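Novice: The structure follows.
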């Protein structure tokens, strides 16, 4: 993986994201960690998952929450790399942060505008051949998190994934 | 991802393909290709040992579904056609559990392979067991 950086960066996210469905303000803002890859390809997926895994542990995210974070990020990034960049590779930024009551992962790209939150859930009663490409990945990402918010940027997309933590800090 | 092959004799000859490592969009085509090779060599019943797979995404399901088609004597989608390959698949999986491919995965809801199967409904098409002996007996 070349042209990448992992930067510990204070998160400014301390209030519920609009439309996230997650209520309750974070009691304390925790530091976030950012990974940026200049020209990410599918070969970088393992490193991106490792970054999310490491970040979750550094930020004290309960272990039981980690699998959902990995699925959501991996499926989202895969769709960007395959459908957004057409396998040619492109810039990807992943920010992982947490507060007392949630984990937030923000994924930014410079691919053509695409809002996965507007995709209908796939009909899981259909065989795989009847399902639209990418639909399964979006479904897995959506079902693994409590909130998914898309924002159109001047030069690409930002997808914010939110996982609520229970009162005991565990996933709900 | 590492792939190793074993053979077993159950009610029918079974090839066991053991996977070690993550299964994602970067390597799912290699798994499908290995399955094609095994079919060409005579394999008609395949057991995937996925107890050594800490992570699997939707790409893994594409490979597993392709393997099921190949083992049934049908052509799996061309990996070079990418995700559009979904539209080329002719076989309906709504007929129920297919008999040629089974998976062994670690028990427990936190297992990544089981999690993906259950969340996508694929466990209605490909049987997932937690014990190799039970999986072999199920063929």
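The values are calculated or read from the model by the stated rules, or taken from the named source; none is laboratory data. None of these values were measured; they are calculated from a predicted model. Here the Cβ is made from the backbone with ideal geometry for all residues, glycine too, and neighbour counts use every protein chain on show.
Novice: Quick one: would you say residue B:131 is away from chain A (no Cβ under 12 Å) and over 13 Å from the mean Cα position of the chain (by Cα)?
Specialist: Working: away from chain A (no Cβ under 12 Å): yes; over 13 Å from the mean Cα position of the chain (by Cα): yes.
So residue B:131 fits the description; yes.
Novice: Identify, from the list A:54, A:44, the residue that is more than 7 Å from every other protein chain (Cβ to nearest Cβ), touching a residue at least 24 places away in the same chain (Cβ under 8 Å) and surrounded by fewer than 23 Cβ atoms within 10 Å (Cβ to Cβ).
Specialist: Values: A:54 fails: touching a residue at least 24 places away in the same chain (Cβ under 8 Å).
Answer to the selection: A:44.
Novice: Restricting to region A:74-91, and then to whatever is in a helix (DSSP H, G or I) and facing another protein chain (nearest Cβ under 10 Å), can you tell me which residue is surrounded by the most Cβ atoms within 10 Å (Cβ to Cβ)? I'd like the intermediate steps shown before the answer.
Specialist: Taking region A:74-91 first, the residues in a helix (DSSP H, G or I) are A:74-84.
If we keep only those that are facing another protein chain (nearest Cβ under 10 Å) too, we end up with A:74-75, A:77-79, A:81-83.
Working: A:74: 27, A:75: 26, A:77: 29, A:78: 24, A:79: 25, A:81: 26, A:82: 18, A:83: 18.
Within region A:74-91, the match that is surrounded by the most Cβ atoms within 10 Å (Cβ to Cβ) is A:77.
Novice: If you don't mind, there's one more thing I want to ask. Looking only at region A:113-144, which residues are at pLDDT 70 or above, within 30 Å of residue B:97 (Cβ to Cβ) and in a loop (DSSP other than H, G, I, E, B)?
Specialist: First, pick out the residues of region A:113-144 that are at pLDDT 70 or above: A:113-119, A:136-144.
Of the ones still in play, those that are also within 30 Å of residue B:97 (Cβ to Cβ) are A:119, A:136-144.
Selection gives A:119 alone.
Novice: Any residue in region B:84-92 that is crowded, with 18+ Cβ neighbours inside 10 Å, modelled with pLDDT under 90 and more than 9 Å from every other protein chain (Cβ to nearest Cβ)?
Specialist: So far as region B:84-92 goes, no, none of its residues is crowded, with 18+ Cβ neighbours inside 10 Å, modelled with pLDDT under 90 and more than 9 Å from every other protein chain (Cβ to nearest Cβ).
Novice: It is to be established whether one or more residues within region B:58-65 are touching a strand residue (DSSP E or B) at 6+ places or on another chain (Cβ under 6 Å) and surrounded by fewer than 20 Cβ atoms within 10 Å (Cβ to Cβ). Break it down into steps so the answer makes sense when it comes.
Specialist: Looking only at region B:58-65, we keep the residues that are touching a strand residue (DSSP E or B) at 6+ places or on another chain (Cβ under 6 Å), and these are B:60.
Next cut, surrounded by fewer than 20 Cβ atoms within 10 Å (Cβ to Cβ) only: none.
Checked against the condition, which is being touching a strand residue (DSSP E or B) at 6+ places or on another chain (Cβ under 6 Å) and surrounded by fewer than 20 Cβ atoms within 10 Å (Cβ to Cβ), region B:58-65 yields no hits at all.
A quick yes/no check of all residues on (1) buried (at least 18 other Cβ atoms within 10 Å of the Cβ); (2) modelled with pLDDT of 95 or more; (3) assigned to a strand (DSSP E or B):
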| site | (1), (2), (3) |
| --- | --- |
| B:6 | no, yes, yes |
| B:15 | yes, yes, yes |
| B:26 | yes, yes, no |
| B:42 | no, yes, no |
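Novice: Given B:69, B:38, B:61, which one is closer than 17 Å to residue B:104 by Cβ, outside any loop (DSSP other than H, G, I, E, B) and modelled with pLDDT under 90? First the steps, then the outcome.
Specialist: Working: B:69 fails: closer than 17 Å to residue B:104 by Cβ; B:38 fails: modelled with pLDDT under 90.
Only one candidate passes the filter, namely B:61.
Novice: Let me spell it out: the conditions are (1) touching a residue at least 60 places away in the same chain (Cβ under 8 Å); (2) part of a helix (DSSP H, G or I); (3) surrounded by 21 or more Cβ atoms within 10 Å (Cβ to Cβ), and residue A:94 meets all of them except one. Which number is the exception?
Specialist: (2)
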